[in-house]
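The values are calculated or read from the model by the stated rules, or taken from the named source; none is laboratory data. This is a predicted model, so every value here is computed, not measured. Virtual Cβ from ideal backbone geometry, glycine too; neighbours counted across all protein chains shown. The protein model used for the area step is the full one, side chains on, heavy atoms only, and it has no ligands, DNA or RNA in it. Shrake-Rupley method; radii C 1.70, N 1.55, O 1.52, S 1.80 Å.
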Amino acid sequence: MKWFAKCMIVAATLCIGSGAYAQTAEANMENPSLLAEAKTPAEIQGKEIVLTLQNDCTRHITVFAGSKKMVFDGKSEGIGGKSTNTLYLRENDVVCIMNDPKNIQACAIAKPGVTKVEINPSGNGFVK
């Protein structure tokens with residue numbers, strides 16, 4: 001008899017526990033985005049800004065403008081000598097002068113309140 005009582009207690013515990021698990025799983029099936037939101041942190045993106053990039057150098061310069069994470073993805077562009085260009089970025093993005101797709105010469109950070117970035121006459125850095 002004692003063995004039967006112990007089995008009943010264990011069985012009741014398993015049923016109650018599995019019922020709670022089933023309810024949780026069922027709630028997640030109804031709203032899977034709730035579970036996804038809990039697991040993945042939201043990316044924090046800065047406010048959109050417009051920057052003027054002025055090239056005081058007489059030669060063409062290769063420049064990357066965008067997220068710091070993407071600098072070495074090879075998506076840089078050439079800008080003309082003695083030119084003024086408009087960049088559409090987010091706060092804390094970077095503008096980098098590139099020697100080649102994997103080699104940075106200099107970088108400037110698009111901080112809040114900054115509206116203009118100027119490449120020096122030598123083409124190897126930025127005017128402060």
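Taking 15 Å as the cut-off, the amide N atoms of region 70-96 that come nearer than this to a point 7 Å along the Cα-to-beta-carbon line of Gln45 belong to 70, 88-94. Taking label positions 7 Å along the Cα-Cβ direction at both Glu118 and Arg59, the computed distance is 2.2 nm, reported to one decimal. Both radii are taken from the alpha-carbon atoms of region 66-117; with Rh as the Kirkwood radius, Rg/Rh is 0.94.
What is the sum of charges, Lys and Arg at +1 and Asp and Glu at -1, for the other residues whose Cβ falls under 9 Å from the Cβ of Val127?
Taking every Cβ under 9 Å from that of Val127, the sum is -1.
Per residue, region 44-110 exposes 60 Å² of solvent-accessible protein surface, assessed with a 1.4 angstrom probe and all protein chains in place. Within the shell of other residues whose beta carbon sits under 10 angstrom from the beta carbon of Leu53, the net charge comes to 0, with Lys and Arg scored +1 and Asp and Glu -1.
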